[in-house]
Amino acid sequence: MELGDTRRAYKLFLQAAAAGDADAQVAIAYHIETGEFSWLSKADALYWYQQAAEQDSSSALFNLGLNEVEFGEPARALDLMMRAYSFGELDALVYIIELLPYSNRSAEDMAFFSKKLKYALRHGALSESLIARAGAILAL
């Protein structure tokens with residue numbers, strides 16, 4: 001995308017995001033993280049994800065969870081991934097299972113989420129980029 005088109009896209013997303021559109025808020029944050037809105041900062045991305053998360057956007061919650069993993073905050077990451085899953089983000093299952101050992105959750109929780117991950121994997125409900133990872137987790 002050319003810079004002029006990128007700036008036009010940003011202005012359109014910004015109008016919708018400022019009006020409270022969670023999808024536009026997530027889109028702005030995503031484009032910041034991918035470098036398309038390179039004039040904005042990581043803090044800007046986190047701001048827009050947070051705005052969308054306050055509206056229970058599963059993708060915003062998931063992406064905030066990924067950021068917490070990156071920041072070395074497994075407890076906060078797990079909380080966000082659990083919320084993302086509760087709003088339909090099945091990819092969060094992979095991270096929930098990876099993060100559960102850092103929590104005080106029970107073995108029953110691990111069994112429950114492993115069962116959910118097996119189901120999602122069997123039914124093709126995970127993002128392609130997480131399929132091998134999910135399979136490796138379940139093989140342990």
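Only residues that are more than 11 Å from Ala60 (Cβ to Cβ) and polar (S, T, N, Q): list them for the stretch 17-40, please.
Within the stretch 17-40, Thr34, Ser38 meet the criteria.
Cβ contacts < 9 Å: first residue in contact (Cβ under 8 Å) with a residue 12 or more places away in the chain, restricted to the stretch 7-25; second residue β-branched (Val, Ile, Thr) and outside any loop (DSSP other than H, G, I, E, B), any location; separation 6+ or different chain. Result?
Sorted first by the residue in the stretch 7-25, then by its partner, the pairs are Tyr10/Ile28; Phe13/Ile28; Leu14/Ile28; Ala17/Val26; Ala17/Ile28.
Considering only the stretch 47-71, how many residues are farther than 18 Å from His31 by Cβ, aromatic (Phe, Trp, Tyr) and touching a residue at least 12 places away in the same chain (Cβ under 8 Å)?
0
Name every residue in the stretch 1-35 that is part of a helix (DSSP H, G or I) and either on the phi > 0 side of the Ramachandran plot or small (Gly, Ala, Ser) (or both), in order of residue number.
Initial filter on the stretch 1-35 (part of a helix (DSSP H, G or I)): 3-18, 22-33.
Residues satisfying the conditions are Gly4, Ala9, Ala16, Ala17, Ala18, Ala22, Ala24, Ala27, Ala29.
Looking at Phe71, is it surrounded by 13 or more Cβ atoms within 10 Å (Cβ to Cβ) and either more than 30 Å from Leu14 (Cβ to Cβ) or among the hydrophobic types (A, V, I, L, M, F, W, C) (or both)? Can you show your working first?
Working: surrounded by 13 or more Cβ atoms within 10 Å (Cβ to Cβ): no; either more than 30 Å from Leu14 (Cβ to Cβ) or among the hydrophobic types (A, V, I, L, M, F, W, C) (or both): yes.
The answer is no for Phe71.
As an exercise: evaluate Ser38 against (1) in a helix (DSSP H, G or I); (2) at pLDDT below 95 and give the number of the one condition it does not meet.
(1)
The values are calculated or read from the model by the stated rules, or taken from the named source; none is laboratory data. Here the structure is a predicted model, which is why all the values come from computation and not from measurement. As a convention, Cβ positions derive from the backbone with ideal geometry for all residues, glycine included, and neighbour counts pool all protein chains shown.
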